[in-house]
Amino acid sequence: MEKPAQAKIEREPASRPEAKRAPEQATAGHDVPVALEQAVGGLDGADTARPVLAPAALLALQRAAGNRAVVARLDATAQRVAVTNQATSETLYNQSSGGQATAAQYSINANYEMTRAGDSGATVQVKIKFLSQARNTVPPPPGGSGPAVGALIGSPAEIPASDTARRDWATNMTTSALTHWNGRLTLVGEEVNVLSANTPKRLPVTFQAVPVWGLNEEAHNTVIVHPPAVQGGSTGNPIDAGNYYMNKDASVYPANDDIIYAHEYGHLIGIPDEYSQSNAQMNALLHQASPSGAASSMAALDRKTVERMVLSAMGRPLYAQLQTTMPAVTGAIRAEMAQVKTKIAQAAKAGVRDPAVRAELTSELNALSEAAVQPGIPSAVAFETTANFSNVTVAGQGVETAFSAGAVGTQIGDAYWRVLRAPLADVVNVAGLGDVKINLQSAITSAAGAGTPQAASASGLATTVVGASPAPAAGAPPGLPALPPPSTLAGQIGALPGTWSAAGSALQTGVTPAAFTAKMVAALQSAAAAAAAPAPPGVAPPPKIARAPEMWRKALQLMTGGAKEAARQLAVDLIATSVEPVLTASVTALQTGIQTEVTRIMTTPPATLAAAGPPDPNMTAMVNAMKARLDAAKAATAGSGRDPLGSGQAAPAQDVTYSYQGLMGSNRSAALRADQFQPLVAQFNSKLKTFWEKAFRADVH
Amino acid sequence: MERVATFLWRTPPPTSVDEELALFDEGTALLVVRHGRQAAPSIGTWRAGPEGDDLATLLAAGPGPVVFDLLAPPADDALLRAADRVAASARDTPLAVAGFFGQALPAAGGPDRPAVLQVLASGTEAVGFELDPGSLQAHYLDGGRTLSWQPLPPPEIGFMTPEAEGLGGLRSPAEVSPGRYGAVRLALAPPPGATSFVIRLGGWLRRALPDHPMPEPFEVRTDPADL
């Protein structure tokens, strides 16, 4: 897994908001739906206002004095409008029931002021009232009732003026969050000239946030700023549009603060979330983002969705099939145990004499012993790392443990399950939109289980991919079952140990004295640390070694145990290093096969499809079954748009949801798109565009 | 035994609570915690024997899975309350549980501060888990405030007991029997002013339920330990 320099992103989406504020928490800044102020000479200069020319007068001015006169007139003009209570409803499929995603409706009100400074630019300003209030962090007791985890409790209060740290943080955070908005949006338009070419115009938009601290002060929105003692990301404290945290768990929210709060600022100016979307919502989003390419992009996303559905549904059958072949696979691996023991014994013999091992053993014995016995430690170390060290014995014990049939089967089975699941988290690049994550619900994971209509097809396909041990011939002597054919996954894994004797193999390159030394030192360190550290609750700490014989026994114990574990870990690593690439290649090949069949079925005309004949009827059946599920979901939600619940339409449960990865989606990048600003641009065109100007559009950099 | 009902407590990422209550036909309920809603740094399986109205309520809601979103609990929460009662009673009876602890060791004079990540098993059966070697992180605190965090290098070896017996857990599952404990030594680099630390780790919990032996992701955050 690729790991960013500063943060590990394992789960999707580690930094997205979890909860929306209830509508009543969004403070309406103004009662007047839209107020238009026109001032001349400054943004605050209502007192210097001069008469505003009516459109007819402007037309007359243009005809009489030319366009320049009109432009000059308008250039000196700053206009400010309040955009208030622009209710933004959104439907998110972020709930779950019966293995499917279910929908919930959320809303926040966009409240802001937009100012135009002639032809030099525009400004969007949000006044944010920062307050203090606690959230509930304790689940309601069993049988009881109370506020939900994460609900605001008590009453909001002002952040004291003396709490400069909190006030400064809020101010700085909103400023830094705005760096992701400023310089990104330009309004592009043109002014119509009657007698000459139109004048192009580009108005860069500046986004501002103005902090307000008074409990009863007017503001566009209210945000709770939680003090350092409350950690964002802890239980009941998710970051959202109404709750900012000075102290956040950086591994829960790997994105920088400025990215996180830039997302929340987007809500304050009315841009909805773009994660946990149904297929119909994604279709609407694609049409909003890229109308001309939406159809082909959605078709591609649908194909990728069906591919992921098939892979997810095949997970359990494939895992189960590998289990049936495990006796043959583990038998083949265990058959090569002798050469592994020999190689590890050689590595142990040289590796244990490394000065690092001796130094570590000496250090650990000193730490575990009373001063009186410490003078004898060098002798004990010398003896235990040379004359008394049996490399063959410890290597044999370590390898026997790692290569037991149960251990090998568990290691390979677990690794296969993880490799099967890993591609399901990969994002998909959707043309015209950007990166999207496909979220599969548990109904799909179990869609091909026993008793389902797809069980037989899935089992057949799993047998093709993984293989099945052939039945023993009549009269054959008892023994391990034979390996499946080499074209199958089980056959390929079973063949791996046969390569270990070759130069450059995992055994030859991975099992070295240096590797043994590293494992041995780590084993000694951890064992000694386990003894030296304060014991976990309920465990009595061992006393320090007070007598020489105990010290010698401890030296033997550490050396024997450490070396055995080093040998076991080397053997485990050998299996992992050998097997995991084969597992990955098999899953990659399966994905390719699924992709080919999905493309064939979803892009081939029916007549041609019938004539071509299926390459694998089980694969075809699985693809058709998953496609049918997706088609049913699409049909049930067709035309319901971005916000079905807000528009009074049905929002049936979904097997699959989607999350855009940009700033307003899962927030894993700072990507913005022009279409996201359409409501804001519409406000500008409605209230701040002049008579002579064509409608402006958003240009996002 | 056959599973007859499943209940899940979840929160969306980033908090990602992941608890599962599975009810089986012979009356046993198993609670699996992979990412707990409580702060306790434990994962594994606990057992309960629901009876009476609670059992009837849970059976009636089967097979599910029924998902309880802790950030948006259902308005009619009779089922949630019944499931919560059974889950709460299960927490008294660990079946195969691993608890994780961080402990600092005395400074050794080098640039790093030695520490251990300990695991202690409890219950009546061995708990199976595997570390994600890239998941280890140290978070440094001053009081309750996080100062910084540090990704820790993947360990070379799994958990070791004080008697130098390997418990595994790295690239292969650890199977830790009840009462046993082991440790992995870590090297911390706390920033100036740090007074305590927590270890955040992830991995895969396996065999948590009899009908689902496959490994599933877990995540744990140890309690703060003094530096």
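For B:Glu163, the requirement of being modelled with pLDDT of 95 or more, in a loop (DSSP other than H, G, I, E, B) and either more than 21 Å from A:Arg418 (Cβ to Cβ) or of a type in the set (Val, Ile, Thr) (or both) is not met. Would you please name the residue that is surrounded by the most Cβ atoms within 10 Å (Cβ to Cβ), looking only at residues in the range B:158-192 that are under 20 Å from B:Gly110 (Cβ atoms) and more than 10 Å from chain A (Cβ to nearest Cβ)? So, considering only residues that are under 20 Å from B:Gly110 (Cβ atoms) and more than 10 Å from chain A (Cβ to nearest Cβ), the one surrounded by the most Cβ atoms within 10 Å (Cβ to Cβ) is B:Pro190.
Condition first: within 14 Å of chain B (Cβ to nearest Cβ) and without any contact (Cβ under 8 Å) to a residue 60 or more places away in the chain. Can you find one or more residues in the range A:320-338 that meet it? No, the range A:320-338 contains no residue that is within 14 Å of chain B (Cβ to nearest Cβ) and without any contact (Cβ under 8 Å) to a residue 60 or more places away in the chain. In the set (1) touching a residue at least 12 places away in the same chain (Cβ under 8 Å); (2) closer than 15 Å to A:Leu558 by Cβ; (3) out of contact with any Lys or Arg (no Cβ under 8 Å at 6 or more places or on another chain), the condition left unmet by A:Asn366 is number (1). Considering only the range A:362-412, how many residues are in contact with a Ser or Thr (Cβ under 9 Å, 6 or more places away or on another chain), β-branched (Val, Ile, Thr) and within 30 Å of A:Gly331 (Cα to Cα)? Residues in the range A:362-412 being in contact with a Ser or Thr (Cβ under 9 Å, 6 or more places away or on another chain), β-branched (Val, Ile, Thr) and within 30 Å of A:Gly331 (Cα to Cα): 6 in total.
Scanning the range A:165-177 turns up no residue that is over 18 Å from A:Asn243 (Cα atoms), at pLDDT 90 or above and surrounded by 13 or more Cβ atoms within 10 Å (Cβ to Cβ). Specify the residue that is modelled with the lowest pLDDT; the eligible residues are those in the range B:15-48 that are more than 13 Å from every other protein chain (Cβ to nearest Cβ) and touching a helix residue (DSSP H, G or I) at 6+ places or on another chain (Cβ under 8 Å). Of everything passing the filter in the range B:15-48, B:Gly27 is modelled with the lowest pLDDT. Could you tell me whether any residue of the range A:294-312 is in a helix (DSSP H, G or I), within 14 Å of chain B (Cβ to nearest Cβ), out of contact with any Cys (no Cβ under 9 Å at 6 or more places or on another chain) and buried (at least 19 other Cβ atoms within 10 Å of the Cβ)? Yes: one or more hits. When the range B:76-108 is filtered for residues that are at pLDDT below 90, closer than 30 Å to A:Ala530 by Cα and more than 11 Å from every other protein chain (Cβ to nearest Cβ), only B:Ala107 remains. Counting only helices (runs of 4 or more DSSP H) that fall entirely inside the range A:489-573 and contain at least 2 residues that are free of Cβ contacts under 8 Å to residues at least 12 places away in the same chain, facing chain B (nearest Cβ under 10 Å) and surrounded by 24 or more Cβ atoms within 10 Å (Cβ to Cβ), the qualifying elements are A:513-532. Of the residues making up the range B:154-172, those that are in contact with a Phe, Trp or Tyr (Cβ under 8 Å, 6 or more places away or on another chain) and at positive phi are B:Gly168, B:Gly169. Of all the listed residues (A:Ala209, A:Ala177, A:Ala170), the sole one being more than 14 Å from every other protein chain (Cβ to nearest Cβ), touching a residue at least 40 places away in the same chain (Cβ under 8 Å) and more than 30 Å from B:Arg221 (Cβ to Cβ) is A:Ala209.
At negative phi, within 11 Å of chain A (Cβ to nearest Cβ) and not in a strand (DSSP E or B) - does that describe any residue in the range B:139-147? Within the range B:139-147, one or more residues are at negative phi, within 11 Å of chain A (Cβ to nearest Cβ) and not in a strand (DSSP E or B). Being under 16 Å from the mean Cα position of the chain (by Cα) and facing chain A (nearest Cβ under 10 Å) is a property that does not hold for B:Glu125. Any residue in the range A:269-282 that is of a type in the set (Phe, Trp, Tyr) sitting within a Cβ distance under 7 Å of a residue that is not in a loop (DSSP other than H, G, I, E, B)? List the pairs, counting only those 6 or more apart or interchain. Short answer, once both residue conditions are applied: A:Tyr275/A:Ser659; A:Tyr275/A:Tyr660. May I ask you to list pairs of residues, at least six apart or on different chains, whose Cβ atoms are under 8 Å apart, with the first in the range A:592-607 being without any contact (Cβ under 8 Å) to a residue 24 or more places away in the chain and the second being among the hydrophobic types (A, V, I, L, M, F, W, C) and part of a helix (DSSP H, G or I)? Note: pairs meeting the criteria are A:Arg600/A:Leu609; A:Arg600/A:Ala612; A:Thr604/A:Ala612.
Would you check if there is a residue in the range A:575-585 being among the small types (Gly, Ala, Ser), under 32 Å from the mean Cα position of the chain (by Cα) and more than 14 Å from chain B (Cβ to nearest Cβ)?
Yes: the range A:575-585 contains one or more residues that are among the small types (Gly, Ala, Ser), under 32 Å from the mean Cα position of the chain (by Cα) and more than 14 Å from chain B (Cβ to nearest Cβ).
Scanning the range B:75-103 for residues that are farther than 28 Å from B:Gly179 by Cα and in contact with a Leu (Cβ under 7 Å, 6 or more places away or on another chain) yields B:Ala82, B:Ala83.
The values are calculated or read from the model by the stated rules, or taken from the named source; none is laboratory data. This structure is a prediction, so every number in the text was calculated from the model and none was measured. Counting neighbours? That spans all protein chains shown, and the Cβs are built from the backbone with ideal geometry, glycine included.
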